[in-house]
1. Full-extension gain between Gln194 and Asn98, please, as 0.36 nm times their residue separation minus the C-alpha to C-alpha distance.
2. For the stretch 140-171 and the stretch 70-138, write down the distance between their C-alpha centroids in whole Å.
3. I want the antiparallel fraction of DSSP beta bridges within the stretch 32-127, as a percent rounded to 5.
4. Could you give the length gained by full extension between Asp59 and Ala166, i.e. 0.36 nm per residue of separation minus their alpha carbon distance, to one decimal place?
5. What percentages make up the Cα-Cα pair-distance distribution of the stretch 32-127 when the bins are 10 Å wide from 0?
6. I want to check the label-to-label distance for Asn124 and Asp156. Put each point 7 Å from Cα in the C-beta direction and report it in nm to one decimal.
7. Would you kindly give the portion of the calculated P(r) for the stretch 132-219 that falls above 16 Å, as a percent of all Cα pairs?
8. What residue among Pro178, Val94, Gly113 has its Cα farthest toward the positive end of the dipole of the stretch 92-225, where the charges are +1 on Lys, Arg and -1 on Asp, Glu, each on the Cβ?
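Each value in this text was obtained by applying a stated rule to the coordinates, not by laboratory testing. The shown structure was predicted, so the numbers you read here are calculated from the model rather than taken from an experiment. Every residue, glycine as well, gets a Cβ built from its backbone with ideal geometry; the counts of neighbours run over all protein chains shown.
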Amino acid sequence: MKYSFIIIAGLLAFSACDSGDIYPKEEEYSGRNVNVTLHFFGVNAWPEEYELKLTSFGDNEDTPLTTLLLEKNDEGSGTYLMHNVPFEAKNIAVSIMNNRKWVCNLNEQQLSGSETNISLSDMNVNLVQYNRIQEQVFNQCTACHGGAGGLYLTEDKSYDALVNKASSTHPDKMLVEPGLPNSSFIITVLTDAQATKTNHTTLSSLKNDDITLLKEWIKAGAKKE
């Protein structure tokens, strides 16, 4: 009788503790799901040291609310789904980021409506656009090339100062010769200290990604778009 009481009590305790959940609950999303197809151009300039991300933004245009890392897409197009996009998000963008710090947007689209699941129009993403060149590369150089004379690399002057312009130290060479990265003197300056007798290669904070981007932009015609 004593043992029967113990068994019954144990069964009652087990049933009181059992919630009935045999399997863990599926993950629940608190925001919206945004689906978009991206078409990439200039994939040879896909970042490796920086990050290419699908991002959502609210009122603060420099700080993403959510991000989704985009792996390199050699096929040129892909469809992506981003979960947990807050309802306060106003835009979806394709962004270049550096150690979680926003650098620039390559394209963006406005979010509207209150639906939980949203499909956006296709977006074109030009990886060699000039906006990226300025924000990612030249903005690192403005401490020395931002108004003290010589070569200006600020946002309002950099393009006209470089493209089809002869070097002041090597007049026979163009700083940027559209379509010809190997003939563009800016690439020589940034990669070959012995050839130019300069110290840009040691003073510069530029990464390999930055040099690759410059080369691919010049190869694509060095366009201001």
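1. Additional length available on full extension: 31.6 nm.
2. So the two Cα centres are separated by 30 Å.
3. Among the beta bridges of the stretch 32-127, antiparallel pairing accounts for roughly 80 percent.
4. 34.2 nm is the gain from fully extending Asp59 to Ala166.
5. In whole percents, the pair-distance histogram is 16, 53, 28, 3.
6. 2.9 nm
7. Tail fraction, whole percent: 51.
8. After comparing all options, I get Pro178.
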